[in-house]
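Below is one structure; the comments refer to it alone.
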Amino acid sequence: MKKYLGAALAAVLLLTGCSANGVSKTTQQSFVEGDGVAAYVKPALRKPAPIIHGATLESGVTTLNYNKVTVLNVWASWCSPCRAEAPLLSDFAQKYSADGVQFAGILTRDNPSAALEFVKRFGITYPIFTDDSVLASFRNSLVPNAIPTTLIIDSHGYVAARVSGEVTVALLSDLIARVLKDGPHA
């Protein structure tokens, strides 16, 4: 038993040597990669989303208005899962606009020129905020805890759901449908 315990301890030490507090190390960035786990909050338990105001990649300074369901994606151009989910988010932004759903992004740990190339490559048409300091404002709610993270904010301005990691068609469709169907807050 001690032999197996010692081997397990050695494996844990070896694996944690490659990261710090669950943060993966790369040559340019340190980030936590999500695993696609979703969290949904019942309407009565939701917390208000912070006001997101600032410079965007292409459209100057703007404020995100929460008068409709909002899908907010936190991403970076160097992030592989971000590249994988970008076509889906771009398609959904067009598909769900008729249902009154708006999309926006928050660029994190990236440079604007790489981000602009990413936006052009994937045909992203929604605003991308470039000041990621707003992410700290989510600390009383569902915190964007990975790259990528996708938050869904209800039409009353409350954080309703979070996907930590790459979104899928089924997962994002389900969460948007649930939040669109939700009634008023208690």
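No value in this document is a laboratory result; all are computed from the given coordinates. Bear in mind the structure is a predicted one, so any value in this text is a computation, not a measurement. Glycine also receives a Cβ, built like all others from the backbone with ideal geometry; neighbour counts cover every protein chain displayed.
Beta bridges from DSSP with both residues in segment 25-181: antiparallel share about 70 percent, rounded to the nearest 5. For a modelled paramagnetic label at ALA39, 7 Å from Cα along Cα-to-Cβ, the residues of segment 127-143 in reach, with backbone nitrogen under 16 Å, are 135-143. Shown here is the pair-distance distribution of segment 25-181: with all Cα-Cα distances grouped in 5 Å bins from zero up to the longest one, the shares run 2, 10, 21, 25, 23, 14, 5, 1, 0 percent.
Mind putting a number on the dipole of segment 25-181 about its Cα centre? Charges go on the C-beta only, +1 for Lys and Arg and -1 for Asp and Glu, and I need it in Debye to the nearest 20. Write out the running numbers ahead of the final one.
Working: 14 positive and 13 negative charges, 79 e Å.
It works out to roughly 380 debye.
Expressed in nm to one decimal, what extension gain is obtained for the pair ARG109 and SER133 from 0.36 nm per residue of sequence separation less their Cα-Cα distance?
Values: separation 24, 0.36 × 24 = 8.64 nm, distance 1.06 nm.
Contour length minus Cα-Cα distance gives 7.6 nm.
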